[in-house]
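Below is one structure, written out as structure tokens, with a few remarks after it.
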Amino acid sequence: MSELYDAILHGNAKAAVEATRAALAAGSLALELVSRDMIPAMDEVGRLYHCEEYFVPELLLAARAMKGALELLRPLLAAGGAEPVGRVAIGTVKGDLHDIGKNLVGAMLEGAGFEVIDLGADVSAEQFVDAVRSRNANLICLSALLTVTMPAMKTTIEALSAAGVRGQVKVLVGGAPVTQKFADQIGADGFGEDATAAVALARRLAD
């Protein structure tokens, strides 16, 4: 495999940036690096995580390495007119300030070819509605780490309906206390039990 693939797989951000620079200098296309090296590397990271050979620290390091490489490629992808797989607005819901899981999912979605609009933590329902209206997000990822903030997910889905934009967007929910049953109850389109499951689901919903 390539140096870029290996650098991401092993969570070496400095090597990932250097490998990206070297590949571009040698004439590789930005889109080629994403599809040939970066997405397969993050797919393998996800596989290793599910096999319990990798854990959250390894996921975070791989995502950081991928993000460093992507910083170099993003302007080239935009200039080349490369269309993202989908446009995702991601945030931790109103009243919840936890963002490690949300950041990890966001980074891995970027690695999978999505354009990610990171709304941060403590995000109101109105901010998610605005991301659909003004930024054309077609996928929303809602994160909650506290049981007491889970109702804000339902509030957000209701706000999307009230604003008349629920039909344009798929809603994914996740976070430690969130379950498939809860996702079904509030009318979400999907539930990701961890970051790799969330990315796999986002890909299916974007098809």
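The values are calculated or read from the model by the stated rules, or taken from the named source; none is laboratory data. These figures come from a predicted structure and were not determined experimentally. Note that we place each Cβ from the backbone using ideal geometry, even for glycine, and neighbour counts take in every protein chain shown. Protein only, heavy atoms only, side chains kept; ligands, DNA and RNA dropped before computing areas. Shrake-Rupley method; radii C 1.70, N 1.55, O 1.52, S 1.80 Å.
Taking max minus min of the alpha-carbon positions on each principal axis, segment 1-131 gives extents of 47, 38, 21 Å, largest first. Applying the Karplus relation 6.51 cos²θ - 1.76 cosθ + 1.60 with θ = phi - 60° to segment 4-19 yields 3J(HN,Hα) values of 5, 4, 4, 4, 5, 4, 9, x, 9, 5, 5, 5, 5, 5, 5, 5 Hz, where x marks Gly and Pro.
Couplings for segment 127-138, taken from phi via the Karplus curve 6.51 cos²θ - 1.76 cosθ + 1.60 with θ = phi - 60°, read 5, 5, 4, 5, 5, 6, 6, 9, 10, 6, 5, 10 Hz in order; Gly and Pro are left as x. Working from Cα pairs under 8 Å separated by at least six residues, relative contact order for segment 88-152 is 51 percent. Decide, for segment 1-70, between rounded, prolate and oblate: order the square roots of the alpha carbon gyration tensor eigenvalues as a ≥ b ≥ c, take rounded if a/c falls under 1.5, and otherwise choose prolate if a/b is larger than b/c, else oblate. Prolate, because a/c is 1.5 or more and a/b exceeds b/c. Annotation for segment 131-207 versus segment 1-32: alpha-carbon center distance of 33 Å. 3J(HN,Hα) couplings calculated from phi for segment 74-89 with the Karplus curve 6.51 cos²θ - 1.76 cosθ + 1.60 (θ = phi - 60°) are, in sequence order, 4, x, 6, 5, 5, 5, x, x, 5, 7, x, 4, x, 10, 10, 9 Hz; Gly and Pro show x.
For the chain, the carbon plus sulfur part of the accessible surface works out to 54%, probe radius 1.4 Å.
Here's the list of aspartates and glutamates a cross-link from K14 could span, going by alpha-carbon distance under 15 Å and ignoring same-chain residues fewer than 8 apart: E3, D6, E71.
Under the rule a/c < 1.5 gives rounded, and otherwise a/b versus b/c splits prolate from oblate, where does segment 87-207 land using the Cα gyration tensor? Rounded is the answer for segment 87-207, as its axis ratio a/c remains below 1.5. For the chain, the longest piece that avoids every one of the GluC sites (Glu not before Pro) found in DSSP loops with at most 16 other C-beta atoms within 10 Å covers 54-192. For K170, the amide hydrogen comes within under 5 Å of the amide hydrogens of L139, I140, counting only partners 5 or more places away or on other chains and with H modelled in the peptide plane. Net charge in the neighbourhood of S2 (other residues with Cβ under 9 Å of its Cβ; Lys, Arg +1, Asp, Glu -1) is -2.
Near the amide H of G120, within less than 5 Å, lie the amide hydrogens of T92, all on another chain or at least 5 residues away, with H placed in the peptide plane.
Within the listed set R135, R87, R64, the residue fluctuating most in the Gaussian network model of the chain (springs between alpha-carbon atoms under 10 angstrom) is R135. Report summary: the helix-based calculation at 222 nm, which adds -39500 (n - 2.57) for every DSSP H run with n ≥ 4 and divides by the residues of the chain, gives -17000 deg cm²/dmol.
Keeping all protein chains in place, calculate the accessible area per residue for segment 107-169 (probe 1.4 angstrom), answer in Å². On a per-residue basis, 42 Å².
For segment 20-82, the relative contact order works out to 42 percent when only alpha carbon pairs closer than 8 Å and six or more residues apart are counted.
GNM on the chain, alpha-carbon springs under 10 angstrom: the most fluctuating residue among D130, D43, D184 is D184.
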